[in-house]
1. Can you give the convex hull volume per residue for the Cα atoms of the stretch 132-267, as a whole number of Å³?
2. On a straight-distance basis, which aspartates and glutamates could pair with Lys73 in a cross-link, Cα separation under 19 angstrom, same-chain partners fewer than 8 positions away excluded?
3. Comparing Glu304, Glu83, Glu315, which has the greatest mean-square fluctuation in the GNM of the chain with Cα pairs linked when under 10 Å apart?
4. At 20 °C and a viscosity of 1.002 mPa s, what translational diffusion coefficient does Stokes-Einstein give for the stretch 241-327, taking Rh as the Kirkwood radius over Cα pairs? Give it in µm²/s as a whole number.
5. Can I get the semi-axes of the chain's equivalent ellipsoid? Compute them from the C-alpha gyration tensor as square roots of 5 times the eigenvalues, in angstrom, largest first.
6. Sorted from largest down, what three extents in whole angstroms do the Cα atoms of the stretch 41-176 have along their principal axes?
7. Please compute the net charge surrounding Glu234, taking Lys and Arg as +1 and Asp and Glu as -1 over other residues with Cβ under 15 Å from its Cβ.
8. Using the number of other C-beta atoms within 10 angstrom as an exposure proxy, rank Val327, Val123 with the fewest first.
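Bear in mind these aren't lab numbers, they're just calculated from the coordinates by the rules spelled out. From a predicted model like this one, the values you see are computed outputs, not experimental measurements. Note: ideal-geometry Cβ built from the backbone for every residue, glycine included; neighbour counts use all protein chains shown.
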Amino acid sequence: MGQTKGDGLRQTKHTPAGPPQFKRRAAILAATVSLLIASVSPGNVQAADLVIAVPNWPSGQATANILKVAIGKTFGLEAGLREMGELNAFAALETGELDIHPEVWRPNLDAAIEKYVDAKKAVVLAKRAVPAWQGLCATEDAEKAGIKSIKDLSDPQKGALLDTDGDGRGELWIGAATWTSASVERIRALSYGYAKNLALVETEEDVGMAAVDAAVATSRPMVFACYAPHNVFELHKVTRLKEPAYDPAKWKIAPGSDPLWIEHSKADTAWPPSEFHIAWSASFGQKHADIAAFLEKVDLTPEEVTAMTYALQVERQPPADYAEKWVAGNAARIEGWAKP
């Protein structure tokens with residue numbers, strides 16, 4: 001995304017090339033990505049009454065389009081869509097360049113929230129949140145091969161079972177290169193120790209999920225970064241790797257202002273409890289109090305978010321088309337969100 005599904009920390013510049021399978025799928029998906037970019041072109045934004053950020057993961061894309069359609073039909077305002085990374089998005093919300101962000105993850109973006117929401121009061125975070133989860137998952141074949149917990153990844157013999165390019169070293173997809181959560185997964189790999197014998201692959205989610213599909217279809221063990229709500233748990237039999245419960249004393253992520261923040265961080269523990277919210281510019285909320293009140297009432301469920309990811313990622317429905325159908329099917333509910 002230039003998007004950073006992360007905690008507002010500076011992104012790592014290290015982007016592994018990944019095994020050939022990932023690179024081939026990335027090339028195939030280039031045309032699809034270009035179509036999405038065209039749908040959120042600058043021209044679309046310049047003619048708009050307000051601007052909504054578009055993340056580079058399916059539920060965020062779906063929600064951005066749903067908000068665009070719902071606001072247009074309910075309030076008669078034209079919303080433009082713009083691809084924008086989280087860190088840039090918070091800065092743009094402060095300046096008024098951006099008005100709404102559809103999916104702000106916590107604890108991933110807590111540093112940005114502390115700065116722009118709590119300290120500067122420039123951004124408002126909706127009180128409602130969708131409960132979420134983040135971690136690592138294994139396919140059924142990986143589990144059958146004995147990879148059931150995070151400690152199994154430090155076993156060179158088990159790690160070799162995840163090899164896809166024949167070099168004897170397993171690969172682990174940790175997320176898109178532009179997600180700060182991928183950087184946190186790198187920290188976790190270094191902290192737990194399995195970074196020594198696994199190649200940490202960073203590539204777009206479409207490529208990562210296509211690799212999961214291929215692994216399941218060919219009965220090849222695979223471990224990958226995962227989060228919920230997401231359709232992968234409906235589509236395949238995958239399990240979350242067991243690991244020590246979240247311990248705040250062991251979750252030490254250095255501030256993004258530190259140029260060596262990855263090296264100075266440590267996280268040999270599970271992710272903290274997660275959730276995500278809609279956010280908007282405080283100045284936009286003052287100008288459009290009715291829309292701000294509307295956004296406060298949006299109450300998406302984990303099941304609905306899972307359905308969104310399935311529609312966009314598996315069925316390949318265009319986000320705009322999906323949003324039109326979703327809004328039409330939830331007209332009464334949306335009307336309720338708009339009531340004072």
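1. Value for the stretch 132-267: 110 Å³ per residue.
2. Straight-distance partners of Lys73: Asp49, Asp99, Asp290, Glu296, Asp299, Asp321, Glu324, Glu335.
3. Answer for the Gaussian network model of the chain: Glu315.
4. Value of D from the Cα-based Kirkwood radius: 124 µm²/s.
5. Values for the chain, descending: 34, 22, 18 Å.
6. 58, 32, 25
7. On the way: positive: Lys237, Arg240; negative: Glu140, Asp213, Glu303, Glu304, Glu315.
Local net charge: -3.
8. Val327, Val123
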